[in-house]
Amino acid sequence: MRAVTAAVSPLLPASALAALLSAPPLAAQDQTPRALLEAAAAYCAKVAASARFVSGRTLDSVLAQELAPTRPLERLIRPLLRFQVDEENRTVTASLGTVTATAVATKNLGCVLVPAGGDAAALRARAAPGLADVRPDPTTVDWPRGERLPKEPAEGVDQRALQAALARAFVDPPGKPPIHTRAIVVVHRGRLVAERYAEDVRPDMPLPGWSMSKTLLHALLGVRVQQGKLDPKAPLPVPAWRAANDGHEKITLGDLLAMRSGLAWREDYDDADSDALRMLFRTGDSAAVYAAMPVAEPPGTRFVYSSGASNLLAFVLRRSFADDREAWAFPRTQLFAPLGMHTAVLEADASGTFVASSFGFASARDWARLGMLYCDDGVVDGQRLLPEGWVAAARTPHPNGDGRYGLHLWLDRDPDGDGPQQREWPDLPADAFHMDGHEGQFVVVFPTQQLVVVRLGCSKHGGIGLHALLRSVLTAVGG
């Protein structure tokens with residue numbers, strides 16, 4: 001094998017360049033399957049662009065966290081990786097040998113990968129309204145709709161124990177890879193009672209939720225149903241399915257929400273040819289990938305976790321609007337603004353459909369606001385935002401989900417009654433439910449205790465001590 005010199009844009013700090021060059025040379029481009037290089041280059045470009053232009057982070061932090069060479073894929077690509085950043089045109093290009101991928105920032109729609117032959121300028125011109133257009137300055141509004149927090153301490157909360165619990169959650173486990181905890185927020189009875197952030201993270205910094213975006217999508221669908229613009233019992237508006245007569249036409253919105261559509265799918269992030277990676281990083285139309293999958297079994301037969309199902313649901317949501325500008329404005333005007341989620345961004349793919357399986361960003365406070373919506377049964381300031389029963393159905397275990405999945409929500413129910421399987425957190429309240437995202441993103445809701453706990457980070461190898469954190473927080477608030 002031969003070493004490949006890595007180069008990056010002049011914007012990359014010298015410390016990041018040194019780290020990049022210190023990675024051991026592994027495989028050269030001609031020894032690596034092209035599909036893997038394409039997926040890896042697209043991942044690097046997309047993650048770096050969103051970190052830079054959505055979160056406001058540095059490329060140095062991306063190399064130290066998301067692209068740290070601690071897994072086989074990162075060790076493979078680091079000797080080949082080069083970045084080019086165009087701050088003026090707001091693009092990031094990642095190169096792995098002769099394979100390149102570019103992601104471009106849009107206005108309030110995050111970043112999007114430019115497909116082969118795509119028009120970066122046209123994608124950059126896409127725009128959605130900002131929350132400044134639909135709500136007042138959040139620093140002048142009281143929590144939870146704004147950022148102004150009460151000065152008096154919350155009653156019944158052991159602040160010393162709570163702060164100690166948060167501090168422990170930022171400590172890397174000895175002898176193991178760092179967990180890169182970025183933010184923790186605790187909300188009790190509607191009050192923000194504790195928060196802690198990594199040194200380079202601001203309270204208003206939008207951070208990736210990855211698959212927590214699926215619950216964000218569930219809320220958006222609920223708002224649309226409440227508005228009477230989406231009928232969950234109507235046939236799905238997928239043109240290719242209408243006359244298929246092969247089983248596709250029997251799939252319902254509920255089947256997609258419960259991830260029991262019956263379509264073939266591989267949610268694999270280690271195989272470059274997997275359905276999930278092809279959808280997220282090798283196509284410009286995420287919904288079309290899932291829509292084209294063959295029927296493997298009748299709908300409702302088996303639970304198969306699928307990010308493709310979420311992106312097809314995002315397409316269904318999009319089709320409920322007259323045009324894309326209205327669809328792109330919908331999250332900010334109809335969900336984010338009422339909740340006070342002033343930092344939230346849901347990114348769209350090149351076709352214009354939200355990548356609602358994975359590409360939602362929000363500050364830890366804003367993820368907590370989403371958790372509060374579900375803790376309060378879809379009611380905001382006394383007004384019903386989500387339909388009656390929408391949250392209850394999401395919290396109900398569905399057949400073949402082993403008590404662990406409802407409708408785009410993770411549960412902690414008994415999988416098999418008195419059988420051998422155990423709840424994930426048997427010593428925590430059984431009505432708890434949570435959002436769960438790649439690399440350690442969590443929003444955990446305890447409805448009886450009126451408690452929401454948010455943990456964000458970049459923990460590629462687990463070990464974040466979530467159960468211990470939850471147990472300690474519950475004790476500190478008297479739960």
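The values are calculated or read from the model by the stated rules, or taken from the named source; none is laboratory data. This one's a predicted model, so the numbers in the text were calculated from it and none came from an experiment. Glycine gets a Cβ as well: all are built from the backbone with ideal geometry, and neighbour counts include every protein chain shown. Ligands, DNA and RNA are excluded from the accessible area calculation, which covers all protein heavy atoms including side chains. Shrake-Rupley method; radii C 1.70, N 1.55, O 1.52, S 1.80 Å.
Can you find, among Pro299, Leu36, Val112, the residue sitting farthest towards the positive end of the charge dipole of the chain, where Lys and Arg contribute +1 and Asp and Glu -1 at Cβ?
Farthest towards the positive pole: Val112.
For the range 276-317, with equal point scatterers placed on the C-alpha atoms only and solvent neglected, what are the log10 I(q)/I(0) values from the Debye formula at q = 0.14, 0.21, 0.30, 0.34 1/Å, to two decimals?
Debye curve over Cα of the range 276-317, log10 I(q)/I(0) at q = 0.14, 0.21, 0.30, 0.34 Å⁻¹: -0.32, -0.69, -1.14, -1.24.
Size of the dipole of the range 330-479 about the Cα centre, Lys and Arg at +1 and Asp and Glu at -1 on the beta carbon, nothing else charged, in debye to 20?
Dipole magnitude for the range 330-479 comes out near 400 debye.
For the chain, what is the accessible area per residue in Å² when the probe is 1.4 Å?
40 Å²
Could you run the Karplus curve 6.51 cos²θ - 1.76 cosθ + 1.60 with θ = phi - 60° over the range 179-196 and give me ³J(HN,Hα) per residue in whole Hz, x for Gly and Pro?
9, 6, 5, 9, 7, 9, 10, 10, 10, 10, 6, x, 9, 6, 9, 6, 7, 8
How large is ³J(HN,Hα), in whole Hz, for each residue of the range 120-129 in order, when computed from phi with the Karplus curve 6.51 cos²θ - 1.76 cosθ + 1.60 and θ = phi - 60°, using x for Gly and Pro?
4, 5, 5, 5, 4, 6, 5, 8, 10, x
Round to a whole angstrom and tell me the spacing of the C-alpha centers of the range 196-274 and the range 320-361.
Spelled out, the Cα-based centre of one part sits 13 Å from the other.
Roughly how many debye, to the nearest 20, is the charge dipole of the chain about its Cα centre, given +1 on each Lys and Arg Cβ, -1 on each Asp and Glu Cβ, and no other charges?
So the magnitude is around 480 debye.
Using only Cα atoms, what is the ratio of the radius of gyration of the range 421-461 to 2.2 N^0.38 Å?
With N residues counted in the range 421-461, Rg over 2.2 N^0.38 Å equals 1.27.
So what's the convex hull volume per residue for the Cα atoms of the chain, in Å³?
Cα-based convex hull of the chain, divided per residue, equals 159 Å³.
Which number gives the lysine pairs in the chain that have C-alpha atoms under 21 Å apart and are eight or more places apart or on different chains?
Total qualifying Lys-Lys pairs in the chain comes to 8.
By how many nm would the segment from Arg160 to Arg319 lengthen if fully extended, with 0.36 nm per residue of separation less the alpha-carbon distance?
Stretched fully, the Arg160-Arg319 segment lengthens by 52.2 nm.
Relative contact order of the chain, please, whole-number percent, based on alpha carbon pairs below 8 angstrom and at least 6 residues apart.
17 percent
I'd like the accessible area for Phe315: 1.4 Å probe, protein heavy atoms, all chains in place, Å² to the nearest 10.
Here the accessible area works out near 40 Å².
Separation between the Asp271 and Ser351 pseudo-spin-labels, each 7 Å from Cα along Cα→Cβ, expressed in nm?
Between Asp271 and Ser351, the simple spin-label model gives 2.2 nm.
Glu249 versus Ala234, label points 7 Å from Cα toward the beta carbon: distance in nm?
Label at Glu249, label at Ala234, 1.8 nm between them.
Counting each pair of different Cα atoms once, what's the Kirkwood radius of the range 75-136 in Å, rounded to one decimal?
13.2 Å
Give the residue list of trypsin sites (Lys or Arg not before Pro) in the range 125-175 that are DSSP loop and have at most 16 other beta-carbon atoms within 10 angstrom.
Taking the range 125-175 and a limit of 16 other Cβ atoms within 10 Å, the loop trypsin sites (Lys or Arg not before Pro) found are Lys151.
Quick check: at a probe of 1.4 Å, how many percent of the accessible area of the range 109-160 sits on carbon and sulfur atoms?
55 percent
How far, in nm, would the chain grow between His467 and Ala292 when pulled straight, counting 0.36 nm per residue and subtracting the alpha carbon separation?
Between His467 and Ala292, full extension yields an extra 59.1 nm.
Using Cα-Cα distances under 8 Å and only pairs 6 or more residues apart, what relative contact order does the range 257-399 have, in percent?
Result for the range 257-399 is 20 percent.
Tell me, what HN-Hα J-couplings in whole Hz come from the Karplus equation 6.51 cos²θ - 1.76 cosθ + 1.60 at θ = phi - 60° for each residue of the range 401-411, using x for Gly and Pro?
Computed from phi, the couplings for the range 401-411 are x, 6, x, 10, 9, x, 10, 6, 9, 8, 10 Hz.
Restricting to Cα atoms and excluding each atom paired with itself, what does the Kirkwood estimate give for the range 186-235 in Å?
After inverting the pairwise mean of 1/r, the radius is 14.2 Å.
Which three extents, in whole angstrom, do the alpha-carbon atoms of the range 327-479 cover along their principal axes, largest first?
The Cα atoms of the range 327-479 stretch 47, 38, 36 Å along the principal axes, largest first.
Quick query: amide H of Ala296 versus all other amide H atoms, modeled in the peptide plane; which residues come in under 5 Å with a sequence gap of 5 or more or a different chain?
Here the answer is Leu263, Ala264, since their amide H atoms fall under 5 Å of that of Ala296.
Calculated FRET efficiency, Arg404 and Glu87, Cβ-Cβ r, R0 41 Å, to nearest 0.05?
0.40
Using a 10 Å cut-off on Cβ atoms, rank the peptides 204-216, 264-276 from the highest mean neighbour count down.
204-216, 264-276
Per residue, what volume in Å³ does the Cα convex hull of the range 298-395 take up?
Value for the range 298-395: 134 Å³ per residue.
Where in the range 372-448 are there GluC sites (Glu not before Pro) that are in a DSSP coil and have at most 13 other Cβ atoms within 10 angstrom of their Cβ?
Sites meeting the loop and neighbour criteria: Glu388.
Dipole of the range 212-358, Cα-centred, from +1 at each Lys and Arg C-beta and -1 at each Asp and Glu C-beta, to the nearest 20 debye?
With only Lys, Arg, Asp and Glu charged at Cβ, the dipole is about 540 debye.
Taking a spot 7 Å from the Cα of Ala122 along the direction of its beta carbon, which residues of the range 336-367 have an amide N less than 12 Å from it?
From the range 336-367, the list is 350-352.
If you average over every viewing direction, what projected area does the convex hull of the Cα atoms of the range 115-184 give, in nm²?
10.0 nm²
Taking all pairs of distinct Cα atoms, average 1/r, flip it, and tell me the Kirkwood hydrodynamic radius of the range 215-359 in Å to one decimal place.
The answer is 15.6 Å.
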